[in-house]
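One structure is given here, and the rest of the page talks about it.
Just so you know, all these numbers are worked out from the coordinates, no wet-lab data involved. Computed from a predicted structure; not experimentally measured. Counting neighbours? That spans all protein chains shown, and the Cβs are built from the backbone with ideal geometry, glycine included.
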Amino acid sequence: MSAPASRAASGWIDSEGRWRSSAPPDIAVLVVYALLLLVLLYFGRTSSSSIVPDSTLVLAAIIAIFWARYVSTRYVLDSDALHARRLFGSRSVRLDTVHRIAPANLRDLAPTGLWRGWGWHGRLWSPSIGTFESVSTISSGVLVYGEGVPLFVSPRDPEAFIRELSRRVRSYRGDVEVRAPAARGVAPVL
């Protein structure tokens, strides 16, 4: 089912009742990936060594896989779970286990080693909440507390995502703690 452009920008409900949203890409990250690929391919073509072209192609393929993984990040809310999906790695949280939903920002969570977020698994640590997992593309998003470690996601419209997720969780539990967005410049209490 095709969604109207205005609804597709934030999320939409498909013909099977699943709420879907893509994650907005950070333009700076896309530019970095493109520059890395261009630099590798340039030096691979201009080098006279026979090993350099092969190694640059391997590195370019690895960067292309990370790029594809980054842009493939999607979120689906169905009748049973929140599914955070990306190429070669996803995480699901059953709705009956969700007990708190809070707007969050990776910068406010202050994970040690922000570059770890570029890693394959996306497991981070924050002094305010401890270990959490990130299936995200930008720094502002939603922190979902349920089974396992908290999950950080970055849907296109975090407020609409919170409304839809809390509505679906309430159909299971009847109650869920939903934190309001913090005032601009103030770190949220998680």
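Placing dummy labels 7 Å off each Cα toward the beta-carbon, the span from residue 58 to residue 34 is 2.8 nm. Each label was represented as a point 7 Å from its Cα along the Cα-to-Cβ direction; for residue 123 and residue 107 these points are 2.8 nm apart. Compared with the alpha-carbon gap, the fully stretched path from residue 131 to residue 159 is longer by 7.7 nm at 0.36 nm per residue.
Were the residues from residue 79 through residue 171 laid out at 0.36 nm apart, the gain over their Cα-Cα distance would be 32.2 nm.
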